[in-house]
Amino acid sequence: MLYLVYILAGAGAGVVTGLAGLSAAVVITPLLVSVCEWQSYDAVTVALAADVLASLLTAYTYYKNKNIDLKNGMLVAITAFIGTIIGSYCGYLFSQSQPDGLGYISMITTIGLGIKFLIKPIEEGHDAESGLEHISKKKITQAMLFGCGIGWICGFTGSGGGILMLTVFTLHLGYNLKVAVGTSTMIMTLVALTGTVSHISMGATVEILPTLLVVICCVIGAYVSAKFANKCEIKKLNKVVGTCLGILGVITILLKLI
């Protein structure tokens with residue numbers, strides 16, 4: 001039964017990563033902690049490890065379809081990298097207590113953004129090339145500050161990074177949904193790698209077989225869903241992403257309350 005949960009956790013995490021650029025931790029961490037009774041710090045480490053390969057493969061798929069803004073994305077990635085290191089250290093210091101406040105904020109944000117995609121889809125927005133011309137330096141600077149804070153949250157809780165990055169790129173910088181997801185997953189690759197190394201160096205316990213199973217299923221789910229997302233018509237993609245986010249937010253809150 002536990003191995004079935006590992007498979008479902010990995011596959012589900014891969015799907016939300018490939019479709020919406022979410023951190024794999026929004027699926028993996030709640031399931032490992034609530035169902036498999038893992039320590040939260042260890043569960044976060046596995047989720048971050050799965051995020052590295054899933055986000056990398058997703059980002060590469062979006063890059064091949066010209067749905068990534070490399071220049072602005074790398075600027076945000078630098079500050080997110082710094083925030084992740086600080087957040088991982090803070091998470092280690094407070095690993096004995098549950099950071100429920102941040103967790104609930106992330107879950108509510110997930111539901112809210114899901115409703116937003118359903119009610120008011122993002123059917124327009126800049127593509128990767130025109131974004132360089134339309135986005136002011138002020139907005140990029142603000143996005144870099146947001147990136148640092150998001151990196152801290154992801155390093156501390158292991159979740160929230162992907163959904164918050166998606167929010168910044170769609171609502172703040174005005175990218176269309178595909179470019180926002182692609183650029184978000186590119187940044188989350190670096191953030192997740194930094195968080196994984198930091199957590200392991202600080203003593204997180206990782207069970208090899210369950211971790212491999214989660215990571216492999218996550219990568220497969222990310223690959224399939226990313227290919228679907230890049231071929232999908234933008235209006236339909238908004239509905240799919242909105243539905244997935246809404247369901248995911250409700251499920252994670254219920255698991256948190258049980």
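The values are calculated or read from the model by the stated rules, or taken from the named source; none is laboratory data. From a predicted model like this one, the values you see are computed outputs, not experimental measurements. Counting neighbours? That spans all protein chains shown, and the Cβs are built from the backbone with ideal geometry, glycine included.
For residues that are of a type outside the set (Val, Ile, Thr) and under 13 Å from the mean Cα position of the chain (by Cα), tally how many sit in region 170-187.
Adding up the residues that qualify gives 4.
Here's a check for you: in region 188-198, which residue that is among the small types (Gly, Ala, Ser) and closer than 14 Å to ALA24 by Cα is surrounded by the fewest Cβ atoms within 10 Å (Cβ to Cβ)?
For region 188-198, the residue satisfying everything is ALA192.
Consider region 3-30. How many of its residues are over 28 Å from LYS178 (Cα atoms) and at pLDDT below 85?
0
Restricting attention to region 152-187, and to residues there that are at pLDDT 80 or above and more than 23 Å from ILE115 (Cα to Cα), which single residue is surrounded by the fewest Cβ atoms within 10 Å (Cβ to Cβ)?
TRP152
When you check MET202 against the structure, is it closer than 21 Å to LYS66 by Cα and either at pLDDT below 85 or surrounded by 23 or more Cβ atoms within 10 Å (Cβ to Cβ) (or both), yes or no?
Spelling it out, it is not the case that MET202 is closer than 21 Å to LYS66 by Cα and either at pLDDT below 85 or surrounded by 23 or more Cβ atoms within 10 Å (Cβ to Cβ) (or both).
Given the conditions (1) within 14 Å of the chain's Cα centre (by Cα); (2) under 23 Å from LYS235 (Cβ atoms); (3) at pLDDT below 80; (4) not aromatic (Phe, Trp, Tyr), which single one is not true for GLU123?
The one condition GLU123 does not meet is (1).
Here are some conditions: (1) under 18 Å from ALA25 (Cα atoms); (2) modelled with pLDDT under 80. TYR223 meets all but one. Which one does it not meet?
Only one criterion is unmet by TYR223, namely (2).
Quick test of your reading of the structure: LEU48 fulfils all but one of (1) in contact with a helix residue (DSSP H, G or I) (Cβ under 7 Å, 6 or more places away or on another chain); (2) more than 25 Å from LEU145 (Cβ to Cβ). Name the failing condition by number.
(2)
What's the number of the only condition in (1) at pLDDT 85 or above; (2) under 17 Å from VAL191 (Cβ atoms); (3) assigned to a helix (DSSP H, G or I) that ILE68 fails to meet?
(3)
Only one residue in VAL33, VAL16, VAL52, VAL44 is within 24 Å of GLY203 (Cβ to Cβ) and surrounded by 24 or more Cβ atoms within 10 Å (Cβ to Cβ), so which one is that?
The unique qualifying residue is VAL44.
LYS138 versus (1) modelled with pLDDT of 70 or more; (2) part of a loop (DSSP other than H, G, I, E, B); (3) among the charged types (D, E, K, R): which is the lone unmet condition?
(2) is the only condition that LYS138 fails.
Yes or no: region 222-240 includes at least one residue that is in a helix (DSSP H, G or I), free of Cβ contacts under 8 Å to residues at least 12 places away in the same chain and aliphatic (A, V, I, L, M).
Within region 222-240, not a single residue is in a helix (DSSP H, G or I), free of Cβ contacts under 8 Å to residues at least 12 places away in the same chain and aliphatic (A, V, I, L, M).
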